[in-house]
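A quick write-up on the structure given underneath.
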Amino acid sequence: MFRKTFTVTSSQEGDIIDLTMEVKNAIRESGVRNGVAHLFVQHSTAALTTIEFEPGVLADLKRSLSVFAPDNVPYAHDSRWGDGNGRSHVKAALVGPSLMVPVSSGALACGTWQQIVLLELDVNAGRERTVCCTVMGE
Ligand code: ZN
């Protein structure tokens, strides 16, 4: 088992950061040929998923998440906690904090147009996000 933690810094709500190269590097460093890579973002207002890293679909994803957790409705979290990021927590919970991807012949076995991304969902800009990557296999 190999574990590596890396950080990325977002600049604003809605940032979608391509982590594919970091994951490929971790797989290479692990020496694992066949197995899985598990990723976990250690924050409650960020999320991980895969997507085609193309501006159109990135905009579509942002818009779609705002349908599930709109900007202009009251959130109980905001009145209880006062940090104004109720929608961010809801979006992060819907997308999820983790991802598991196959490792095949020492390489990340994702589709050609399938990038691994971190979604910055917090309304408070400029955050450092920590992702824990665990590579398991032989
Ligand atoms: Zn909060």
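Each residue in region 105-138 was checked for being assigned to a strand (DSSP E or B), open to solvent by 20 Å² or more (accessible area, probe 1.4 Å) and among the basic types (K, R), and 0 pass.
Evaluate region 39-51: report whether one residue or more is touching a Cys at 6+ places or on another chain (Cβ under 6 Å) and open to solvent by less than 50 Å² (accessible area, probe 1.4 Å). Taking every residue of region 39-51 in turn, at least one turns out to be touching a Cys at 6+ places or on another chain (Cβ under 6 Å) and open to solvent by less than 50 Å² (accessible area, probe 1.4 Å). Residues that are in a loop (DSSP other than H, G, I, E, B) and within 17 Å of E128 (Cβ to Cβ) within region 15-47 comprise D15, L19, Q42, H43, S44, T45, listed in sequence order. Would a scan of region 97-104 turn up a residue that is open to solvent by 50 Å² or more (accessible area, probe 1.4 Å), closer than 30 Å to E29 by Cβ and more than 18 Å from the chain's Cα centre (by Cα)? Yes, some residue in region 97-104 is open to solvent by 50 Å² or more (accessible area, probe 1.4 Å), closer than 30 Å to E29 by Cβ and more than 18 Å from the chain's Cα centre (by Cα). Note on region 65-91: residues that are over 16 Å from the mean Cα position of the chain (by Cα) and surrounded by 11 or more Cβ atoms within 10 Å (Cβ to Cβ) amount to 13. Among residues belonging to region 70-114 that are farther than 20 Å from Q12 by Cα and β-branched (V, I, T), point out the one that is farthest from the ligand (Cβ to nearest atom). Ranking the qualifying residues of region 70-114, first place goes to T112.
The values are calculated or read from the model by the stated rules, or taken from the named source; none is laboratory data. Quick caveat, the model's predicted, so the values are computed rather than measured. Ideal geometry is used to build each Cβ from the backbone, glycine not excepted, and the neighbour counts take in all protein chains shown. The area values use the complete protein model at the heavy-atom level, side chains included, leaving out ligands, DNA and RNA. Shrake-Rupley method; radii C 1.70, N 1.55, O 1.52, S 1.80 Å.
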